[in-house]
Amino acid sequence: MDNNIIENSPVEPKLSKKELLKKKKLEDKKIGRQAELKEHEWKVFDEKNKQTKSQQKQFVKNTMKQQQEENENEKKKKQQEINKDFMSVKISKPIPATNPMKYFMLNNKNKTIEDWKVLDETNKEIYKEMANKDKERYKKELQEYEKRNNMVEKVSKGKKDRKRS
C-alpha cells in the first residue's frame with residue numbers, strides 16, 4: 001500500500017541549482033508584477049474614490065444651498081403674510097399730547113383753573129415735564145401712524161390697479 005501512495009503522488013524531479021535559481025527568479029518576477037498590478041489597481045481605485053468624494057461634497061453643497069434657499073423663501077412668505085395681516089388691521093390716530101394744566105387737574109381733582117394760574121413756576125415745571133414726555137410720545141406714535149398709513153395706501157393702490165386689469 002505504501003508503494004501505491006508514493007507512485008500516485010506527484011513528485012518533482014530533482015532540479016539543479018541553476019534551474020532552482022531560474023525558477024525562483026521567475027516566481028519573484030511574477031510576484032513583483034502582481035504587486036505592481038495591485039499598486040496600479042489601488043491607484044485607480046483611489047482616483048475613482050477621490051472623484052466620488054468630490055462628487056459627494058458637491059452634492060452636499062448643492063443640497064445645503066437648496067435648503068438655505070427654501071428656508072429664505074419660507075421666511076419671505078411668512079414675512080409677506082405678516083405684512084398682509086399688519087396692513088389689514090386699521091390703526092386709529094394716536095391720542096394727542098396732553099397739556100401741563102390737564103396733568104395738574106388730573107393729579108389734583110379738587111383744584112380749578114384759577115389754582116393753576118396761581119401755582120408758582122417750580123411746581124408748574126413738574127407738569128410741564130410730564131407734558132413734554134407726552135408730546136414726544138405723540139410725535140413717535142404719529143410718525144408710526146403716518147408711515148403705516150402710507151404703506152396701507154400703497155398696498156390699496158396696488159389692489160385697485162389689479163382690479164382694473
Only one of T122, T98 is at pLDDT 85 or above and within 30 Å of Y145 (Cα to Cα); which? T98
Residue count, the stretch 92-147 (criterion: part of a loop (DSSP other than H, G, I, E, B) and not hydroxyl-bearing (S, T, Y)): 12
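The values are calculated or read from the model by the stated rules, or taken from the named source; none is laboratory data. Here the structure is a predicted model, which is why all the values come from computation and not from measurement.
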